[in-house]
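The values are calculated or read from the model by the stated rules, or taken from the named source; none is laboratory data. Note that this is a predicted model, so its numbers are computed, not measured. A quick note on method: Cβ atoms are made from the backbone with ideal geometry, for glycine too, and the neighbour counts reach across all protein chains shown. These accessible areas exclude ligands, DNA and RNA; they are computed on the full protein's heavy atoms, side chains included. Shrake-Rupley method; radii C 1.70, N 1.55, O 1.52, S 1.80 Å.
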Amino acid sequence: MWRGSAGSSAPWPASSSSHPSHWPTTHTSAFTGWLGPVSIFGYFIIGTMINKVLMSPIVSKLVQQEKLEGDFRFKHMQIRVNAEPAAFYRAGRVEHMRTNRRLQSLLKTQRELIGKELWLYIGINTFDYLGSILSYVVIAIPIFSGVYGDLSPTELSALVSKNAFVSIYLIGCFSQLIDLSSTVTDVAGYTHRIGELQETLLSLGRKENGNYSEAKTSWDLDGSHSGEDPVPRDTAFLLERVTLSVPSSGKLLIKDLNLRISQGNSVMIVGNTGTGKTSLLRVLGGLWESTRGSIRMLTCFGPRGVVFLPQRPFFTDGSLREQVIYPLKEIYPLSGSADDERIVRFLELAGLTDLLARAGGLDEQVDWNWYDILSPGEMQRLSFARLFYLQPKYAVLDEATSALTEEVEHELYRMCLQLGMTLISVGHRPSLEKFHSWILKLHGEGRWELTRCEKLKRLPSEEGY
Ligand SMILES: Nc1ncnc2c1ncn2[C@@H]1O[C@H](COP(=O)(O)OP(=O)(O)OP(=O)(O)O)[C@@H](O)[C@H]1O
């Protein structure tokens, strides 16, 4: 609000607090006649009206900014909480674009808000300074019009000095500039913090995982993966004498593991809790480094290569279609494509027919959080619908059916094999063994055992997916 000479912060002498509230008015009129208080009040009313005009658009902008900031923070939190599942999907680029879009719209609104606030601040400061000049003017008018003609120069200067509050007021205005130094200090602190963050990110980007060689770090959609490598084309992962420990504690999980995962040779990884099953998948996905040995990923991420279904399902914000085709949305941004039939079919196969109706169709922009409206089992089913849609050569499944019944699990795994996927899965149920050719059992403390699984049955293949 305005802080003019008639306002609460008017700098009349400190002793004025002991005077009645009408003291400034009577004091001013005693020196200047009716002209003083009337012009000050007139000035105050004009100022208030201008203030009102300048403030109105700020309020709505502020509301919009708060909403966008909430959206952005939510997205930020979502990525922090789901950093690992998102990394398994190699969704960094997509999530970066999505988050950046929200950040840009927030920044745009903030810029507009600052622009509007600038005019308000210009108004406030202009009022402050003109107010102090007005104080001089209202005392100058009676002096120059001869009202105080009978006063001696000494008395006149005493009169003027009684209005010295104007000077105090001016000092107050200048001290506001000095106050800015605290803001500058804040900005310097924030800048320093952001600088540190940026340095850390840059150093992470530079750091190379020496034991891990990845054919392609991003999703391959054009099939341009060259087969120059001497290793057979049908091999996805080649592990040679890999030793794996927990990075933070150094606890040994796997020692000298040799493993080749090739097409048609599905591997099931079993073992007690904490023996390192998920950790091995992290190493395969390049999220963790091995302590020793070499890990080669000879395929790419995506439909032509490998897709990871992490232990905790990952969903982004957006429509049902975006959940199913994730993270391809940014690559094929057009909606309503010829894929509708496939998507609906895979939703049905995953047992999510009703979800289509609940979401109001494939492209309805729902504003709910997918984690809130889906049960754990439905989340896993939706992850499978995504897997069916992406139809990769290799699927890495980390307890991807833990919330589902054995029958449903059987159907989903059967579909994966029918779609030609080679599976690398972590699971606890013996009923899963029949879908795999090899069982890798982790015993903890570095010990492991690889056995051929005899139970794999030939499953009838179906065309048309
Ligand atoms: N992000 C992490 N930071 C530090 N230690 C971790 C992290 N994730 C797992 N660990 C530790 O690594 C060890 C192996 O964990 P991992 O998740 O691979 O086990 P798991 O065999 O998959 O178990 P579960 O069957 O319960 O999923 C555990 O002792 C765990 O406490």
Selection from the range 77-94 of residues out of contact with any Ser or Thr (no Cβ under 7 Å at 6 or more places or on another chain), of a type outside the set (S, T, N, Q) and assigned to a helix (DSSP H, G or I) yields Met77, Arg80, Val81, Ala83, Glu84, Pro85, Ala86, Ala87, Phe88, Gly92, Val94
Note on Arg98: of the conditions (1) over 17 Å from Asn369 (Cβ atoms); (2) open to solvent by less than 60 Å² (accessible area, probe 1.4 Å); (3) among the basic types (Lys, Arg), unmet is (1)
Those residues of the range 256-278 which are of a type outside the set (S, T, N, Q), farther than 21 Å from Glu454 by Cα, within 14 Å of the ligand (Cβ to nearest atom) and open to solvent by 10 Å² or more (accessible area, probe 1.4 Å) amount to Gly274, Lys277
Selection from the range 290-314 of residues within 14 Å of the ligand (Cβ to nearest atom), more than 28 Å from the chain's Cα centre (by Cα) and surrounded by 19 or more Cβ atoms within 10 Å (Cβ to Cβ) yields Ser290
Subset of the range 352-375, residues part of a loop (DSSP other than H, G, I, E, B) and out of contact with any Gly (no Cβ under 9 Å at 6 or more places or on another chain), comes to Leu352, Ala359, Gly360, Gly361, Glu364, Asp367, Trp368, Asn369, Leu374, Ser375
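For (1) under 26 Å from His436 (Cβ atoms); (2) out of contact with any Gly (no Cβ under 7 Å at 6 or more places or on another chain), each residue gets a yes or a no:
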position: Glu240; (1), (2): yes, no
position: Pro247; (1), (2): no, yes
position: Ser279; (1), (2): yes, yes
position: Gly285; (1), (2): yes, yes
position: Arg292; (1), (2): no, yes
position: Leu309; (1), (2): yes, yes
position: Pro313; (1), (2): yes, yes
position: Leu320; (1), (2): no, yes
*Quick check, is Leu404 touching a residue at least 24 places away in the same chain (Cβ under 8 Å), of a type in the set (A, V, I, L, M), within 30 Å of Phe74 (Cα to Cα) and out of contact with any Lys or Arg (no Cβ under 8 Å at 6 or more places or on another chain)?*
no
*asked:* Given the condition within 16 Å of the ligand (Cβ to nearest atom), in a strand (DSSP E or B) and within 35 Å of the chain's Cα centre (by Cα), answer yes or no: does some residue in the range 280-289 qualify?
replied: no
